[in-house]
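Single-structure report; data block below.
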Amino acid sequence: MCGIVGYLGNKKATEVLVEGLSKLEYRGYDSAGVAVNTGDELSIRKFKGRLAVLSDDLEKSPIQGTLGIGHTRWATHGEPSDVNSHPHFNKDKSIAVVHNGIIENYMELKEELQKEGYEFLSQTDTEVIAHLVDKYYEGNLFDAVYNATKKLRGAYAIGAICKDNNNELVAVRKDSPLIVGLGEGENFIASDIPAILKYTKNVYFLENGEFVHIQNDTVTVLDENRNVVKKEINEITWDVESASKGGYEHFMLKEIYEQPNGVKETLVRRLDENGDIKLDDIKMTKKDLEKINKVYIIACGTAYHAGLVGKYAIEKFAKIPVTCDIASEFRYNDPFVDENTLVILVSQSGETADTLASLRYAKDKGARIMSVTNVVGSSIARESDDVFYTWAGPEVSVASTKAYTTQLVSFYMIALDFAIKKGSITKEYYHEMIEKLKQMPEKVTKALEQENYIKEDIAKSIKDKDNAFYLGRGLDYSIAMEGALKIKEISYIHAEAFAAGELKHGTIALIEKGIPVIAIATQDSLFEKMVSSMEEVRARGAYVIAVAKEKNKEVEKSADKVIYIPDVDDILSSILTVLPLQLLSYYAAIERGCDVDKPRNLAKSVTVE
Ligand code: M6R
């Protein structure tokens, strides 16, 4: 986690750094800091708390300088505090570093450095980097950073500056994201694109082990053997507006309302003039597919929940057995992965450490690697054989919404594509499903029209509850899991999802008077069974909020409140069912006064294991 940014140019560095950090706060917001070369010294300001604490301080007491680095932190080693905040520096404050990642051998390095007389002020792993750079510094910052990184084990994106040179910024990445922004007479480093979008749309994506050496307005990228690398300039097509709130109170609400468009873009960009799916970005042929005898879908959090729907779709359409597993568990479970296995990694950010590690594990075992991701040029995208990009646009809110629905669309398309290549569905059925998918953006818009009802009637009715249960069967159970995660992470209401059929095997003991049960009953084939479960919990005092299709009005007899979604095929319902649950989480969090876009203890991108 953590976000880093660096600047060398003609502007006031603190302004560029604070602006950049404001776009990276989703990566962590326990503390923030900057170091700026003033010409005479490195001036360092860093504070526990949100970025506003730092920017208020800089406003009251500005730092002059056009070279600097900045950091927004998500604590791993050492509690959030002023002293543990980045940048960290060497003993005479002539070198400053910012770091995103984890140095696995920091204890060993720290002991060695302590024996050599280095004193540590913080509990962070990053401070060893500052002292190591000091140890190797003989008047050349690049050499010092280069030699220091040879000692490091773990994941890192590092930015470094020194007092002696007002025109030099050095950075390196290994397993943590880092990009270089290329401006006119100014250059940037950052953990993610939105941090530099205000200034430039031209970027280099750094590969693992690459260093960037910025001197005056020259940018040189070098590989781990110090060979100069000729990089391709990537032009970013997003604008600043799409990475900012655009009039909504929170990114989450904006992103919820971007779903009709995200669903549409993800779909229509891959339909050819005959209405067939054309997956240009997936090189997998019919022959490749014939070799595949099983699929693993691996992801974390919301992406994992999308994977559960993916499993359902691939098994139903393409008739290939699929296992969906959590990335932090997968590689420790000795899975049956070989060259006949397809492993699909799902990740909005494309940088989630566990998902990336699973990718590498599966690759080592010879599996074919496909990813579904939202970030072009992300580590997961670059290391995959095939990439299916979701067209959600930048997702900033920690709570994932539009990434999820676009991941669902991606899975339906992948499943249909596999199925038609394998001949497991007819051409008629294939086109029928594509036509139904094309209707989804409109249905998503319609489902979101329930906003006011959810806000006023439902969110207010659960705002003071400590616990809630989400029930579903079949596909609806996967959506129940996503609904429960969403409300937990932003409103801090404890919520659990259960397969409704499991109720009687233990869970029903928890049902007591007034407890909210969100009963998801959108599967026609399981509707009656869901209604029975609703009756069972209602008989024990639960306050039942049902989610059902418009046509199934009889649900009202068994629920206290009903949220309707437009009528849709069972298999595609997931795209709609999740929408009221997202809105419910959002408004429950608002009612409870929570910081929706920056929930406690979380970060948008989990780049540590
Ligand atoms: O970037 P990724 O999709 O790999 O992230 C995976 C999870 O960390 C993410 O979905 C997380 O669960 C969200 N906060 C959920 O809203």
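The values are calculated or read from the model by the stated rules, or taken from the named source; none is laboratory data. Just so it is clear, the structure is predicted and the values come from calculations on it, not from any experiment. When we count neighbours, we look across all protein chains shown, and the Cβ atoms used for this are built from the backbone with ideal geometry, even at glycine.
Answer yes or no: is there a residue in region 493-506 that is in contact (Cβ under 8 Å) with a residue 60 or more places away in the chain, in the same structural domain as residue 571 (by TED's automatic domain parsing), assigned to a loop (DSSP other than H, G, I, E, B) and surrounded by fewer than 17 Cβ atoms within 10 Å (Cβ to Cβ).
At the first step, the residues of region 493-506 found to be in contact (Cβ under 8 Å) with a residue 60 or more places away in the chain are 493.
From what is left, the residues that are in the same structural domain as residue 571 (by TED's automatic domain parsing) are 493.
In the following step, the residues that additionally are assigned to a loop (DSSP other than H, G, I, E, B) were identified as 493.
Those left that are additionally surrounded by fewer than 17 Cβ atoms within 10 Å (Cβ to Cβ): none.
Checked against the condition, which is being in contact (Cβ under 8 Å) with a residue 60 or more places away in the chain, in the same structural domain as residue 571 (by TED's automatic domain parsing), assigned to a loop (DSSP other than H, G, I, E, B) and surrounded by fewer than 17 Cβ atoms within 10 Å (Cβ to Cβ), region 493-506 yields no hits at all.
Please determine whether any residue of region 64-75 is surrounded by 23 or more Cβ atoms within 10 Å (Cβ to Cβ), touching a strand residue (DSSP E or B) at 6+ places or on another chain (Cβ under 9 Å) and in a helix (DSSP H, G or I).
Looking for residues that are surrounded by 23 or more Cβ atoms within 10 Å (Cβ to Cβ), touching a strand residue (DSSP E or B) at 6+ places or on another chain (Cβ under 9 Å) and in a helix (DSSP H, G or I), one finds none in region 64-75, hence no.
Quick check on residue 197: is it of a type in the set (A, V, I, L, M, F, W, C), outside any strand (DSSP E or B) and crowded, with 16+ Cβ neighbours inside 10 Å?
It is true that residue 197 is of a type in the set (A, V, I, L, M, F, W, C), outside any strand (DSSP E or B) and crowded, with 16+ Cβ neighbours inside 10 Å.
Quick check: anything in region 526-543 part of a strand (DSSP E or B), assigned by TED's automatic domain parsing to the domain that holds residue 470 and either closer than 18 Å to residue 461 by Cα or in contact (Cβ under 8 Å) with a residue 60 or more places away in the chain (or both)?
So far as region 526-543 goes, yes, one or more of its residues are part of a strand (DSSP E or B), assigned by TED's automatic domain parsing to the domain that holds residue 470 and either closer than 18 Å to residue 461 by Cα or in contact (Cβ under 8 Å) with a residue 60 or more places away in the chain (or both).
What's the total number of residues in region 90-120 that are closer than 20 Å to residue 41 by Cβ, outside any strand (DSSP E or B) and within 32 Å of the chain's Cα centre (by Cα)?
Adding up the residues that qualify gives 0.
Conditions: (1) crowded, with 24+ Cβ neighbours inside 10 Å; (2) more than 9 Å from the ligand (Cβ to nearest atom). Residue 373 meets all but one. Number of the miss?
Among (1) crowded, with 24+ Cβ neighbours inside 10 Å; (2) more than 9 Å from the ligand (Cβ to nearest atom), the lone unmet condition for residue 373 is (2).
Do we have residue 294 as touching a strand residue (DSSP E or B) at 6+ places or on another chain (Cβ under 7 Å) and without any contact (Cβ under 8 Å) to a residue 24 or more places away in the chain here?
no
Residues checked against (1) in the same structural domain as residue 184 (by TED's automatic domain parsing); (2) among the charged types (D, E, K, R); (3) at pLDDT 95 or above:
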position	(1), (2), (3)
17	yes, no, yes
49	yes, no, no
60	yes, yes, yes
103	yes, no, no
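Have a look at 322, 343 and point out the one that is away from the ligand (no atom under 14 Å from the Cβ), modelled with pLDDT of 95 or more and under 27 Å from residue 156 (Cα atoms). It would help to see each step written out before you state the result.
On the way: 322 fails: under 27 Å from residue 156 (Cα atoms).
Answer to the check: 343.
Filter region 346-370 for residues that are within 14 Å of the ligand (Cβ to nearest atom) and among the β-branched types (Val, Ile, Thr); which is nearest to residue 310 (Cα to Cα)?
346
Filter region 289-335 down to the residues that are surrounded by fewer than 19 Cβ atoms within 10 Å (Cβ to Cβ) and of a type in the set (Phe, Trp, Tyr) and list them by number.
332
Residues that are within 16 Å of the ligand (Cβ to nearest atom) and of a type in the set (Lys, Arg): does region 304-314 have at least one?
Looking through region 304-314, none of the residues is within 16 Å of the ligand (Cβ to nearest atom) and of a type in the set (Lys, Arg).
With respect to residue 386, is the statement that it is in contact (Cβ under 8 Å) with a residue 40 or more places away in the chain, of a type in the set (Asp, Glu) and surrounded by fewer than 24 Cβ atoms within 10 Å (Cβ to Cβ) true?
Yes, satisfied.
For residue 575, state whether it is within 30 Å of residue 348 (Cβ to Cβ), more than 20 Å from the chain's Cα centre (by Cα) and touching a residue at least 40 places away in the same chain (Cβ under 8 Å).
Spelling it out, it is not the case that residue 575 is within 30 Å of residue 348 (Cβ to Cβ), more than 20 Å from the chain's Cα centre (by Cα) and touching a residue at least 40 places away in the same chain (Cβ under 8 Å).
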